[in-house]
Amino acid sequence: MGKTLLKNVRMVNENTITEGDLLLEDQFIVKIDRDISDANAKVIDLKGKHLFPGVIDDQVHFREPGLTHKGNIATESRAAIAGGITSFMEQPNTNPQTTTIEELEKKFAIAANSAYANYSFLFGGTNDNLEELKRLDKNACSGVKLFLGSSTGNMLVDNELVLEKIFRNTEMVISAHCEDEGTIRANMAQFKEEYGDDIPMKYHPIIRSTEACYLSSSKAIALAKETGARLHVFHLSTGMETSLFRNDIPLEKKQITAEVCIHHLWFSDSDYDKKGSLIKWNPAVKTEQDRAQLWEALLDDRIDVVATDHAPHTLEEKDNVYTNAPSGGPLVQHALPAMLENYHNGKISLEKMVEKMCHNPAKLFQLKKRGFLREGYFADLVVADLNNPWKVAKENIVYKCGWSPFEGETFKSKITHTFVNGHLAYEQGNFSELKNAQRLTFDR
């Protein structure tokens, strides 16, 4: 790949913004300085633009193997680099599920041939695969995923004895989907009795309620404290849950951490009437007050990471009555533009955004040499023009499913360049067909 010199760019990194130059050679950042000259480098002048470390998304569903009519590792990682996401951690509820080391390695083999962004996978814990989990090397993948409430793929772990053994028997980060199944089933029965299958979508956050979330996440946290497990609670959706997390110690010392997703920071229950099943996620998008409390916890560091929970379904699948419309939606292409919109609206600084989307996922999962603009680190980089408005429309959506909950939204910021391991993978709407992604490595 040789050398590339990025000139006159505003670099956002480790709580500072500095204008200067950054030199890449092959896969790595080799120099960062105020003014760099190199006669052998290809020069890209980025005056007026901002440079971030590539975004690391710790929660995506790319649907391969088995569900590839919705998306696959190639199509969705391509959409990810269009949105400035250079590394992803994919979830185990595919078909077959990623609940054996053999299936995990099969996924790595698929990604090695098809991924446009750096990749790792979460290993799924179940009621009956504890012995397989014990065999898993702590550096083999990004971590363990537990569904403590049912979601796409029926991987619910509801045997409390097994759950405790999983918590006691892994050194890896345990990432958990926390919703109490009994509460949800009771609520669903009540609404089905009144409406049948055609329950109005606005009742989704009442069926998958605040109480369901809090009951499950508080139990998981109590178990983590009891066992000493390293717990990461995925996609917080309620203000009530934010009280369970601390901000009085640095991330590196936390045993219990939390994530919030773009949709819970953007939408509220007032959007169901207009968006319907397109914003049906598990956990559900809840009230404006919940959204405000999630923002507060993100900014005061009780919440550590912003992710997408990218989970595409076809429009045909989404266009069903409540009980048959699947939960989830595509987000990787629009997550960073949406967060930059929140910057424009005064909700978050660029430095804090980079901390939550780049630095903290790298720290939390102990990634090797990613997540920062540092000499010697992999050159995973994203360039954004903060004054280049564009409208989300069918013709510029990259997802295989062909739709976005942001359709019709105008974003003020545009992603202009994405580098993956020093290779210019995306530029001004055009993709390089050379795949330069790597399997993520860990330092545990």
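The values are calculated or read from the model by the stated rules, or taken from the named source; none is laboratory data. Computed from a predicted structure; not experimentally measured. Note that each Cβ is placed from the backbone with ideal geometry, even for glycine, and that neighbours are counted across all protein chains shown. When the accessible area is computed, the model is the full protein with side chains, heavy atoms only, and any ligands, DNA or RNA have been set aside. Shrake-Rupley method; radii C 1.70, N 1.55, O 1.52, S 1.80 Å.
Can you tell me how many residues within segment 228-253 are under 14 Å from ALA212 (Cβ atoms) and open to solvent by 80 Å² or more (accessible area, probe 1.4 Å)?
The qualifying residues number 1.
Find the helices (runs of 4 or more DSSP H) located wholly in segment 160-234 whose residues include 1 or more that are more than 22 Å from GLU132 (Cβ to Cβ), and list them.
181-195, 204-207, 210-227
Please work out if ASP137 is more than 24 Å from VAL306 (Cα to Cα), among the acidic types (Asp, Glu), touching a residue at least 12 places away in the same chain (Cβ under 8 Å) and open to solvent by 10 Å² or more (accessible area, probe 1.4 Å).
In short, no.
Here are some conditions: (1) open to solvent by 30 Å² or more (accessible area, probe 1.4 Å); (2) more than 23 Å from the chain's Cα centre (by Cα). ILE207 meets all but one. Which one does it not meet?
If we test ILE207 against (1) open to solvent by 30 Å² or more (accessible area, probe 1.4 Å); (2) more than 23 Å from the chain's Cα centre (by Cα), just (1) comes out false.
Just need a number here: residues in segment 49-102 that are of a type in the set (D, E, K, R) and either farther than 27 Å from GLU132 by Cα or open to solvent by 20 Å² or more (accessible area, probe 1.4 Å) (or both).
The number of residues fulfilling the criteria is 6.
Being of a type in the set (A, V, I, L, M) and not in a loop (DSSP other than H, G, I, E, B) is the filter; apply it to segment 365-382 and report the residue that is surrounded by the fewest Cβ atoms within 10 Å (Cβ to Cβ). Steps first, please.
As a first pass, look at segment 365-382 and keep what is of a type in the set (A, V, I, L, M): 367, 373, 379, 381-382.
Still in the running and not in a loop (DSSP other than H, G, I, E, B): 367, 381-382.
Numbers: LEU367: 22, LEU381: 27, VAL382: 26.
Within segment 365-382, the match that is surrounded by the fewest Cβ atoms within 10 Å (Cβ to Cβ) is LEU367.
Condition first: within 23 Å of ALA80 (Cβ to Cβ), polar (S, T, N, Q) and in a loop (DSSP other than H, G, I, E, B). Now tell me which residues in segment 320-351 satisfy that.
SER327, GLN333
Residue-wise test of (1) of a type in the set (S, T, N, Q); (2) at positive phi; (3) crowded, with 19+ Cβ neighbours inside 10 Å; (4) assigned to a loop (DSSP other than H, G, I, E, B).
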site	(1), (2), (3), (4)
ALA384	no, no, yes, no
PRO405	no, no, yes, yes
GLU433	no, no, no, yes
ALA437	no, no, yes, yes
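Within segment 407-427, count every residue that is more than 22 Å from CYS358 (Cβ to Cβ) and either among the polar types (S, T, N, Q) or surrounded by 18 or more Cβ atoms within 10 Å (Cβ to Cβ) (or both).
Total satisfying the criteria: 1.
Just give me the residues in segment 74-125 being in contact (Cβ under 8 Å) with a residue 60 or more places away in the chain and β-branched (Val, Ile, Thr), in sequence order.
Selection gives THR75, ILE81, ILE85, THR86.
GLU395 - would you say it is outside any loop (DSSP other than H, G, I, E, B) and within 25 Å of LYS253 (Cα to Cα)?
So GLU395 does not fit the description; no.
Under 7 Å between Cβ atoms, at least 6 apart or on separate chains: pull out the pairs that start in segment 19-33 with a residue that is over 16 Å from VAL9 (Cβ atoms) and end on any residue that is at pLDDT below 95.
So the pair list comes out as ASP26/MET1.
Could you tell me which of the residues ALA335, ALA362 is closer than 21 Å to ASP301 by Cβ, out of contact with any helix residue (DSSP H, G or I) (no Cβ under 9 Å at 6 or more places or on another chain), open to solvent by less than 10 Å² (accessible area, probe 1.4 Å) and small (Gly, Ala, Ser)?
Of ALA335, ALA362, the one residue that is closer than 21 Å to ASP301 by Cβ, out of contact with any helix residue (DSSP H, G or I) (no Cβ under 9 Å at 6 or more places or on another chain), open to solvent by less than 10 Å² (accessible area, probe 1.4 Å) and small (Gly, Ala, Ser) is ALA362.
Suppose we keep only residues that are closer than 24 Å to TRP390 by Cα and under 19 Å from the mean Cα position of the chain (by Cα) within segment 312-332. Which one would you say is surrounded by the fewest Cβ atoms within 10 Å (Cβ to Cβ)?
GLY329
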